[in-house]
Amino acid sequence: MNYEPFVISFKLAALTAFILFCIALPLSWYLSQTKSRIKPFLEALTALPIVLPPSVLGFYLLWALSYNSPIGHFFEETFGVKLVFSFTGLVVASCFYSLPFMVQPLQNGFESINKNMLEASYIAGKSKLQTIFFVALPNMKPAVLTALIVTFAHTVGEFGVVLMVGGSIPGETKVASVAIYEMVENMDYTAAHIYSAIMVGLSFVVLLSVYIFNARQNRRFGL
Amino acid sequence: MIELAINKMLHGAQGAMPLHVNLNIEEGEFVALSGKSGSGKTTLLRILAGLEEAEGEIKVDNKFWLKNTKSLPVQKREIGFVFQDYALFENMSVEKNLLFVSNDKALAEKLLELTELTELKNRYPNSLSGGQKQRVSICRALMKRPKILLLDEPLSALDPAMRTTLQNELLMLHKEFGTTTIMVSHDPSEIYRLANRVIVLQNGQIINDGSPKEILLKTQGSQKFSFEGELLEIKKIDVIYIATVAIGQQLVEVVISSKEAKNLQIGQSIRLSTKAFTPIVTQN
């Protein structure tokens, strides 16, 4: 049995979750604090990947990241990085695909924090950055965990975008979901069963631990 | 010395209303801000703290905190702020809440001792009672050794007994730290006990400014009624005793006999009745 597709899936998901956390943190903070008129536009834009068919997203990404587009051209000429049919390209595509799953829980978390608590921190002389890291984030651990895990799980579960942008290069872009698809195509049902069962088991354990953690946190803070 | 001259449009429940306040406050004063809800009290406090924008000038000890559009950020203003809902940092212990503001262990210890919180210093906010939380919040506000302490209805969520205890502690801390204190309050007995000056706001304007006695006492006209009230003070003036009583939302002074004066205790709930054969009716 070759478990390499799982390794690629998890590597991709972990990297995507990490990168998205760094990108989504300032974005979700901004969205939670702003009263600007552009807020609904940004929110709608961020939520797009939830409603778009993965093929639409995959098509645009393929078009934007390929050597024929200015972006793909720039990356390949300047950094020598190929963004389609490569692992790097998969990471970039996953970051677009999973963005709402990171931004929305974090934004909800920031919005649930008592505004006076944040103001008390400013009055104590702390900057916005200090306030985010020492006051806001520690008081919304369930939201942070939910954002990280759901993003991770959602990336592991992606199929359409990965297939379009990454193809199915063994050891490079062939993730677990794509591998299962190919096994079914090749009528290798035994392998497909094993892979699928592993996916179901892992996903369940991950989600269960999130819910258990959140229930404990809520009990601790008396919510 | 605080010199304040500000303008701001407020958008409240009754539509747009200009907040227009010109005010000087001396160092060390204990000022009570009073007035109906929606009159702009809290906004005024927040403007002074730098939590809300406004036009005009704020000058504290000859240093501008606000001049036209140039505003000193909230982080740099030397203020302490106590919120009505305490707003403690839930993720930190009582002691950490204080040390987060300034890493001055000696001051934190002193404050906790003054407010009898030393035993609770390792507890987290969600395990404290309302009164304990507000004590922590007041201590936290003093950790920066602020020039100005701002309190937004700090005791309104507490029961009367706890309120009295905390009023005494507030007064003690105000004196101990020599801050200029500005407190939003609706409670006449609280204002009478703590403040040396009352400012009454209505629709964004100051309509009254003076000592609590001048403003809160409404003894004109006598009533043939009986009232339940709280005895605040008994004073002996020459041969008569004068009792100050809080009845509902107002304070009254009455002459009592020496025998009554001996039997009464400050803070006691009493019934006041008086006869009036020629009542005076005044329209509000």
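The values are calculated or read from the model by the stated rules, or taken from the named source; none is laboratory data. Here the structure is a predicted model, which means the values were calculated and not measured. Here Cβ is always computed from backbone atoms with ideal geometry, including for glycine, and neighbour counts include all displayed protein chains.
The single condition from (1) within 14 Å of chain B (Cβ to nearest Cβ); (2) farther than 15 Å from B:Phe100 by Cβ that A:Val91 fails is (1). Here B:Leu117 clears all of (1) within 12 Å of chain A (Cβ to nearest Cβ); (2) at pLDDT below 95; (3) closer than 20 Å to B:Phe177 by Cβ except the condition numbered (1). Restricting B:Leu33, B:Leu66, B:Leu10 to residues that are of a type in the set (A, V, I, L, M, F, W, C), assigned by TED's automatic domain parsing to the domain that holds B:Asp209 and closer than 27 Å to B:Met172 by Cα narrows the list to B:Leu33. Within the range A:28-55, the set of residues being of a type outside the set (D, E, K, R), part of a helix (DSSP H, G or I) and more than 19 Å from A:Val92 (Cβ to Cβ) comprises A:Ser28, A:Trp29, A:Tyr30, A:Leu31, A:Ser32, A:Gln33, A:Pro40, A:Phe41, A:Leu42, A:Ala44, A:Ala47, A:Val51. Every condition in (1) surrounded by 13 or more Cβ atoms within 10 Å (Cβ to Cβ); (2) free of Cβ contacts under 8 Å to residues at least 24 places away in the same chain; (3) not in a loop (DSSP other than H, G, I, E, B) is met by A:Glu77 except one, and the failing one is (1). Please verify whether A:Val92 is part of a helix (DSSP H, G or I) and under 16 Å from A:Leu12 (Cβ atoms), treating the condition exactly as stated. It is true that A:Val92 is part of a helix (DSSP H, G or I) and under 16 Å from A:Leu12 (Cβ atoms).
All conditions but one from (1) surrounded by 13 or more Cβ atoms within 10 Å (Cβ to Cβ); (2) more than 19 Å from B:Pro154 (Cβ to Cβ); (3) of a type in the set (S, T, N, Q) apply to B:Asn68; the one that does not is (1). The range B:175-216 holds strands (runs of 3 or more DSSP E) entirely within its bounds, and those carrying 2 or more residues that are free of Cβ contacts under 8 Å to residues at least 24 places away in the same chain map to B:205-210. Count of the range B:242-272 residues, restricted to those that are of a type in the set (Ser, Thr, Tyr) and within 26 Å of B:Ala161 (Cβ to Cβ), is 2.
Any residue that is at pLDDT 90 or above, in a strand (DSSP E or B) and under 18 Å from B:Lys133 (Cα atoms) - is there at least one of those in the range B:102-111? Taking every residue of the range B:102-111 in turn, none turns out to be at pLDDT 90 or above, in a strand (DSSP E or B) and under 18 Å from B:Lys133 (Cα atoms). Of all residues in the range B:48-61, those satisfying the criterion of being touching a residue at least 40 places away in the same chain (Cβ under 8 Å) and either part of a loop (DSSP other than H, G, I, E, B) or away from chain A (no Cβ under 13 Å) (or both) are B:Glu52, B:Glu53, B:Ala54, B:Glu55, B:Gly56, B:Glu57, B:Ile58, B:Lys59, B:Val60, B:Asp61. Checked against the criteria, B:Ala195 does not count as crowded, with 19+ Cβ neighbours inside 10 Å, more than 25 Å from B:Ala157 (Cα to Cα), of a type outside the set (D, E, K, R) and modelled with pLDDT of 85 or more. Across the range B:131-160, the number of residues qualifying as among the small types (Gly, Ala, Ser) and within 14 Å of another protein chain (Cβ to nearest Cβ) comes to 3.
So that you can scan it fast, the table gives a plain yes or no per residue for (1) assigned by TED's automatic domain parsing to the domain that holds B:Val74; (2) in contact with a Cys (Cβ under 6 Å, 6 or more places away or on another chain); (3) without any contact (Cβ under 8 Å) to a residue 60 or more places away in the chain; (4) not in a strand (DSSP E or B):
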{"site": "B:Cys139", "(1), (2), (3), (4)": "yes, no, yes, yes"}
{"site": "B:Pro146", "(1), (2), (3), (4)": "yes, no, no, yes"}
{"site": "B:Leu151", "(1), (2), (3), (4)": "yes, no, no, no"}
{"site": "B:Ala157", "(1), (2), (3), (4)": "yes, no, no, yes"}
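Is the range B:89-109 home to any residue that is within 13 Å of chain A (Cβ to nearest Cβ), touching a residue at least 40 places away in the same chain (Cβ under 8 Å), within 19 Å of the chain's Cα centre (by Cα) and surrounded by fewer than 22 Cβ atoms within 10 Å (Cβ to Cβ)? Taking every residue of the range B:89-109 in turn, none turns out to be within 13 Å of chain A (Cβ to nearest Cβ), touching a residue at least 40 places away in the same chain (Cβ under 8 Å), within 19 Å of the chain's Cα centre (by Cα) and surrounded by fewer than 22 Cβ atoms within 10 Å (Cβ to Cβ). Within the range A:102-122, the set of residues being within 14 Å of another protein chain (Cβ to nearest Cβ) and part of a helix (DSSP H, G or I) comprises A:Gly109, A:Ser112, A:Lys115, A:Asn116, A:Met117, A:Leu118, A:Glu119, A:Ala120, A:Ser121, A:Tyr122.
Criterion applied to A:Val135, A:Val84, A:Val103 was being farther than 30 Å from B:Ala87 by Cβ and of a type outside the set (Asp, Glu), and the one residue passing it is A:Val84.
Does B:Val74 satisfy being more than 14 Å from chain A (Cβ to nearest Cβ), farther than 24 Å from B:Ala13 by Cβ and aliphatic (A, V, I, L, M)? Judged against the criteria, B:Val74 is not a match.
Residues that are surrounded by fewer than 18 Cβ atoms within 10 Å (Cβ to Cβ), of a type in the set (Phe, Trp, Tyr) and under 30 Å from A:Gln217 (Cβ atoms) do occur in the range A:116-133. The set of residues in the range A:145-157 that are of a type in the set (A, V, I, L, M) and either in contact with a strand residue (DSSP E or B) (Cβ under 6 Å, 6 or more places away or on another chain) or surrounded by fewer than 18 Cβ atoms within 10 Å (Cβ to Cβ) (or both) contains only A:Leu145. Tallying residues that are among the aliphatic types (A, V, I, L, M) and within 14 Å of chain A (Cβ to nearest Cβ) within the range B:62-71 yields 0.
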